[in-house]
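Read through the structure below, which is laid out as structure tokens, and then see the notes.
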Amino acid sequence: MCFRRFLFLVVFLVAGLMFIGCGDFGASTNDAGGPGGGGYYGGTPGGSQDFSYIRSLINEGYIPEPDLFLVEGLLSEYDLPIDGAPPEHLLNLRSACGYAGHPEIPDAGLYVQMGMISNLTEETFHRSPLNLSVVVDRSGSMGQSSASSGYSKMRLVRETLNFLVDQLNEGDILSVVLFNSEATVLFEPTPVDEPEALRAQISEIFESGTTNMDDGMTQGYNFVRENIELSNYAHRVMLFTDAMPNVGNTSPSNFQQIVEQGTEENIGLTSFGVGLDFDQELMDFFATQTGANYYYLDNIDSSEVMFTDGFEFMVSALAYNLRVEVTSNYGFSLADVYGFPGYDGTSAVMEVSTVFISRGRGAVLFRFEQDEGEEGNVATGTHVGNLALSYIMTDGELYSETVEVVYDGPAINDIDDQHFGQEGLHLAVVLARQVITMQEACELWGNEDTVQDGIDLLNDLEDFLYAEGEAFEADRLDEEIQMIEKLIDNMEKTDPE
């Protein structure tokens with residue numbers, strides 16, 4: 001049976017201080033992302049931070065609804081660097097142009113990547129102390145099994161909270177609020193100096209009752225407000241839930257008011273969706289607020305990695321309110337944007353809210369469409385258009401810049417031609433086209449007249465990934481190919497409704 005959920009859109013991106021044209025760079029350096037090579041950290045959008053929900057649905061035998069496919073989720077799982085001069089500022093933009101062939105797969109054509117890199121390294125980055133309130137759903141639905149893990153959603157949350165405690169320092173302030181039919185306080189805001197006592201209390205959290213998320217979130221935000229005067233602290237609420245409120249004030253406008261008021265007070269929100277049956281529409285709203293991001297909890301092992309390797313990044317914002325306006329020159333038009341969450345497919349103006357630091361260098365892709373009859377005909381030096389961008393750094397400084405998009409690769413004379421001057425761009429385009437193709441295949445499969453067309457398109461996608469994978473290091477795309485093979489198997493064994 002097809003697994004049906006609401007559309008999950010998220011609205012965030014990352015910005016920077018330096019954008020150096022389009023194409024290859026003469027002064028290049030191979031930056032090793034994150035620690036280990038002493039390399040620079042990158043930036044990542046808020047909102048969806050992984051593709052785990054789609055992977056879990058497919059592993060469970062479902063065919064995801066087309067609206068669930070988000071390019072930014074898959075891009076966030078990869079490091080997609082663009083070479084360039086060493087970054088001078090806290091956050092920098094780089095760019096690259098390329099032309100994607102293989103027209104049998106959707107969205108061939110001219111691409112521009114905006115890459116994100118910070119001048120921070122493992123040695124220079126230190127997260128701010130936290131004023132953190134954790135809000136935990138302990139309603140009866142949290143006792144249900146979580147995906148294919150074989151244990152309950154509540155057990156997964158308890159284990160994840162233990163990983164969270166492991167990442168806290170003595171200078172951090174923590175409170176924990178539980179909610180079912182009403183909110184209860186596990187402990188009030190207190191410095192983290194007895195982690196074992198915290199773990200003992202966490203072990204006593206069990207599920208029962210209804211879901212009054214209103215009470216839980218209100219109390220969590222109020223606890224953060226008690227120490228909001230600490231200017232050197234990062235103020236944040238973390239919400240763990242399957243997002244199915246059924247008592248109290250359950251209206252979207254109420255949750256909107258709670259989160260927006262917190263945003264105005266510089267209180268960020270990190271949401272964790274639990275289980276395959278959570279309400280993505282509500283989680284969508286949470287993830288679209290300034291200072292917010294979203295993760296999907298799948299199993300204990302992935303939660304441990306998420307918090308061990310990524311906790312300091314999920315709570316560290318770098319910039320806000322990015323605005324990008326695209327203008328196209330004669331012969332080209334903006335066809336689509338990938339990795340820019342919430343893009344509506346029509347506007348040439350894109351706005352996002354928050355930038356978070358990350359181990360990997362994120363990516364946003366702009367695909368330009370040529371006039372009819374001109375496809376596959378791009379000369380070296382072609383001026384495709386302009387990007388005007390602005391954003392606000394965390395210190396309140398406004399930055400703006402307008403840059404030209406110029407294709408400076410070899411001439412493209414046929415739609416089958418292909419050129420990528422940077423490996424990060426090549427991989428980003430392959431991943432974006434993978435998501436778009438999966439989405440289109442699921443849409444075809446959902447129509448009784450085009451079921452086989454959807455399966456055939458996935459077979460073409462598998463061939464495409466094998467062919468493109470030869471350009472990368474060994475096994476780079478193996479996980480993606482295995483996911484496609486499983487989705488094909490699901491479609492062949494399932495009757496669409």
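The values are calculated or read from the model by the stated rules, or taken from the named source; none is laboratory data. Worth saying up front: this structure is predicted, and the values here are computed from it rather than measured. Note that we place each Cβ from the backbone using ideal geometry, even for glycine, and neighbour counts take in every protein chain shown. For accessibility, only protein heavy atoms count, side chains too; no ligands or nucleic acids. Shrake-Rupley method; radii C 1.70, N 1.55, O 1.52, S 1.80 Å.
Would you mind calculating the gained length between Y466 and D414 on full extension (0.36 nm times residue separation, minus the Cα-Cα distance), in nm to one decimal?
16.5 nm
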Efficiency of FRET from Cβ geometry, T250 and E123, R₀ 35 Å, rounded to 0.05: 0.15
Using the Kirkwood formula on the Cα atoms of the chain, what hydrodynamic radius do you get, in angstrom to one decimal? 23.4 Å
Calculated FRET value between T494 and D449, using beta carbons and R₀ = 25 Å, to 0.05: 0.90
Simple label model, 7 Å out from Cα along Cβ direction - A335 to I228, nm: 4.7 nm
Computed over the Cα atoms of the stretch 59-217, the Rg and Dmax in Å are 22.0, 59
Pairwise over distinct Cα atoms, reciprocal of the mean inverse distance: report the Kirkwood radius of the stretch 165-292 in Å, one decimal place. 15.3 Å
Expressed as an acute angle from 0 to 90° and rounded to the nearest 10, what is the orientation of the C-alpha long axis of helix 478-493 relative to the principal long axis of the chain? 80 degrees
Ratio of alpha-carbon Rg to the 2.2 N^0.38 Å globular estimate for the stretch 50-108, to two decimals, please. 1.59
Test of understanding: extend the Cα→C-beta vector of E375 to 7 Å, then name every residue of the stretch 397-427 with backbone N under 13 Å from that spot. 414-417
Reduced to Cα centres, the span from the stretch 482-496 to the stretch 353-384 in Å works out to 31 Å
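Give me the percent of accessible area attributable to carbon and sulfur for the chain, probe 1.4 angstrom.
Solvent-exposed carbon and sulfur of the chain make up 43 percent of the total.
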What length, rounded to one decimal in nm, is gained on full extension from D193 through to A348, with 0.36 nm per residue of separation minus their alpha-carbon distance? 50.8 nm
Going by average Cβ density within 10 Å per residue, which order do the peptides 456-469, 234-247 take, highest to lowest? 234-247, 456-469
Per DSSP H run of at least 4 residues, take -39500 (n - 2.57); add these up for the chain, divide by its residues and hand me the 222 nm value, nearest 500 deg cm²/dmol. -9000 deg cm²/dmol
Could you point to the residue in T402, I412, C442 farthest towards the positive end of the stretch 402-471's charge dipole, with +1 and -1 charges on the Cβ of Lys/Arg and Asp/Glu respectively? T402
Packing-wise, with mean Cβ within 10 Å as the measure, how do 117-127, 423-433, 185-195 rank, highest first? 423-433, 117-127, 185-195
Rounded to whole Å, sorted largest first: equivalent-ellipsoid semi-axes of the stretch 304-459, Cα gyration tensor: 30, 25, 16
When the Kirkwood radius is taken over all Cα pairs of the stretch 153-215, what Stokes-Einstein diffusion coefficient follows at 20 °C and 1.002 mPa s, in µm²/s? 172 µm²/s
Under a 1.4 Å probe, what is the accessible area of the chain per residue, stated in Å²? 38 Å²
